[in-house]
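Peer 1: Have a look at the structure that comes next, please.
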Amino acid sequence: MEPDAPLDLPRLGAQLRAARQARAAADPRQFSVRALAARLKVSAAYLSLLERGSQRPTEALLRALAAELDLPPEPLLALARRVPEDVAAAVAARPALAEAVRALRDLPDAALDRAIRRIRDGDW
């Protein structure tokens with residue numbers, strides 16, 4: 001995410017609402033605003049504000065929402081401009097990691113996948 005990328009809470013809210021409504025189509029009782037809010041331990045009013053893009057959720061809440069809605073958390077975190085705690089700690093400890101991310105950001109997906117595999121496999 002670019003440092004000057006805008007906070008996009010309306011888009012985040014729309015994605016959360018669309019995902020919840022898709023799940024509610026198959027299981028309306030489990031994915032109503034009230035039922036989902038209760039499982040997340042937030043109020044239905046707060047969840048509704050999130051879906052309208054009026055509130056910025058925490059990393060923990062976004063991860064819980066992603067798990068409930070079967071979504072990958074990273075795109076949601078990016079829309080909310082939340083850097084995962086483990087990533088922030090890694091960059092704080094090793095600032096060169098930020099430059100590595102900048103160097104990798106424009107790679108085509110296939111090249112990025114290869115680079116990640118090579119790093120994970122220790123083949124570098």
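Peer 1: Against the condition at pLDDT 95 or above and loosely packed, with under 14 Cβ neighbours inside 10 Å, how does A66 come out, does it pass?
Peer 2: So A66 does not fit the description; no.
Peer 1: Within the bounds of region 93-113, is there any residue that is in a helix (DSSP H, G or I), surrounded by 15 or more Cβ atoms within 10 Å (Cβ to Cβ) and either in the same structural domain as L16 (by TED's automatic domain parsing) or hydrophobic (A, V, I, L, M, F, W, C) (or both)? Walk me through it before giving the result.
Peer 2: At the first step, the residues of region 93-113 found to be in a helix (DSSP H, G or I) are 93, 96-104, 109-113.
Keeping just the survivors that are surrounded by 15 or more Cβ atoms within 10 Å (Cβ to Cβ) gives none.
No, that holds for no residue.
Peer 1: Continuing with this model, one more query. Within region 33-81, work out how many residues are in a helix (DSSP H, G or I) and β-branched (V, I, T). Break it down into steps so the answer makes sense when it comes.
Peer 2: At the first step, the residues of region 33-81 found to be in a helix (DSSP H, G or I) are 33-40, 44-51, 59-69, 73-79.
Applying the additional criterion that residues be β-branched (V, I, T) yields 33.
Looking only at that region, the number is 1.
The values are calculated or read from the model by the stated rules, or taken from the named source; none is laboratory data. Keep in mind that what you see is a predicted model, and the values were worked out from it rather than measured. Because the Cβ atoms are built from the backbone with ideal geometry, glycine has one as well, and the counts that use them run over all protein chains shown.
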